[in-house]
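These notes are about the structure you will find just below.
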Amino acid sequence: MTKEMTSLASPSARVAKEMTFLASPSARVTKEMSFLASPSARVTKEKRFLASPSARVTKDMTFLASPSARVTKEKRFLASPSARATKEMAFLASPSAREGKGSSIGAHMLCERADDREDEATQTQRRANGRRVRPTKRRVRAHDRGERATEPRAHRHSRRDERRKPLARATDEKERGEGPSPAANVRATRRHMANVENDSTRIAVVTGANSGIGKVTAAALLRKGFRVIATARSKERGEAALADWRREIPDAKVELVLCDLSDLDSVHAAAKEIASKVDRIHVLVNNAGGIIGERRTTKSGLEETFAGNHLGPFVLTRDLMPLLERGAPARIVNVASDAHKAVSDMRWDDLQFANGYSSMKAYGQSKLANILFTRELARRLDPKKITANSVHPGVVRTRFGETGSGLLRFGIALIRPFLIDEAKGADTSIWLATDPSMEGKSGGYYVKRKLVTPTRAAQSDEGAKRLWDLSEKLAGGAASAPAAKNPPLANGVAST
């Protein structure tokens, strides 16, 4: 111990001793054996090692060059709970590890170990040639088992360049005008949002939606989150209604389609336009209707009241049936009226009122036709997929009767103070279109949210089928018309 302390106290002595030791292989062996035999010498050497940075580097390089030493150190690491905890904390401290880049970390560790083996081989060769070994640059990687990973500077620079390549390519594309433009990105985002909307938004079609209970019905569906396609005969009145909805409901998703229900060509065109806008329909409200003071015919030779109140909705429903089937469970609501009680039955031999025209009787017959159409439609459809119901809105204070006879206009003016408002008139239609309790219920006639019994003529299954067949002939074919599936309705309503 005294000799060792004297050696440590004299720098020149330490240098001379080191040179003598390196020049004499036998001296190196002797010193190693004496070191192993002397516990105090081992303690002293360990202290010197801890005090010397160069000694730590040398020991680490020796460790890397020795496979047996690496195995021993790995076993000690696995046997040490504190070491494992340290490694776990280091891993959690790594953002790349937290992002789940486990596979890239594993690949990187393999590359690091390959680099280490290459450096070790180079250093071993330099030692064999008697040349000085220069320690390589080092940096700490938390995921490398808590050890200091050797990484040559050239490797670090190459990885940095790889990380910069995508940014450089994007910059070059922008400078050359390649790649998607900002406008293209905006269009792509809009298409994506439209697809998301189409997947989640329920779609409703409301006819005659520019005024009266149709306008109130459309507004209620918009507030419930529906995307509404509103039809109207007049572009001016339709656009005015759109402006009102968008002012009252800022996030309203509503579109206008022009449609004259008394003109079958216009009905077919409207159905095609609707099909170009949407791929399915969840609610169809056939609301439009009117009364005409004098008998008028359409260009197809049909009486205008019958054509506009019954045949137009019949054709529109038939043309939109594929969209309703894709929107299942879907609902059809036909706005009829207690005015059907004004006639005892359909004038089967004179549906067009060519003889003895009466505006009230023509209107009453068209409303009876609405109920019969609903009844036959419900019989032909699977109520689990599509339901069809009719409704009496009540006597509503609207523009109804403005084109009626002078006597009709005078009568409506007298009773107008006692008529219900549009919101009450639309209530049952909205309820039939949206209320969960109506799921699977079909073929009924409702007044003030209650199922009621219409006239005997309105309950005739034979009359309903006969009207369907005549309507198909008048409309020019039965393309898209659903085939009969269900037996006659029991008590006027089918239910699942």
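Among the conditions (1) modelled with pLDDT of 95 or more; (2) within 20 Å of Ser390 (Cα to Cα), Val278 misses just one, which is (2). Filtering segment 423-456 to residues that are in contact (Cβ under 8 Å) with a residue 24 or more places away in the chain, buried (at least 18 other Cβ atoms within 10 Å of the Cβ) and assigned to a helix (DSSP H, G or I) leaves Gly425, Ala426, Thr428, Ser429, Ile430, Leu432, Ala433, Thr434, Met438.
If you go through segment 329-342 and keep only what is modelled with pLDDT of 95 or more, surrounded by 16 or more Cβ atoms within 10 Å (Cβ to Cβ) and in a loop (DSSP other than H, G, I, E, B), you end up with just Ala336. Take the conditions more than 26 Å from Val216 (Cβ to Cβ) and either of a type outside the set (Gly, Ala, Ser) or in a loop (DSSP other than H, G, I, E, B) (or both) and apply them to Asp319. Does it pass? Here the answer is no, as Asp319 does not meet what is asked. Can you confirm whether Thr231 is over 23 Å from the mean Cα position of the chain (by Cα), in a strand (DSSP E or B) and not basic (Lys, Arg)? Spelling it out, Thr231 is indeed over 23 Å from the mean Cα position of the chain (by Cα), in a strand (DSSP E or B) and not basic (Lys, Arg). Across segment 343-372, the number of residues qualifying as under 17 Å from Trp468 (Cβ atoms), charged (D, E, K, R) and in a helix (DSSP H, G or I) comes to 1.
Taking every residue in segment 352-379 that is free of Cβ contacts under 8 Å to residues at least 24 places away in the same chain and pairing it with any residue that is not polar (S, T, N, Q), at least 6 positions away or on another chain, the pairs with Cβ-Cβ distances below 7 Å are Lys361/Ala342; Lys361/Val343.
The values are calculated or read from the model by the stated rules, or taken from the named source; none is laboratory data. The shown structure was predicted, so the numbers you read here are calculated from the model rather than taken from an experiment. A quick note on method: Cβ atoms are made from the backbone with ideal geometry, for glycine too, and the neighbour counts reach across all protein chains shown.
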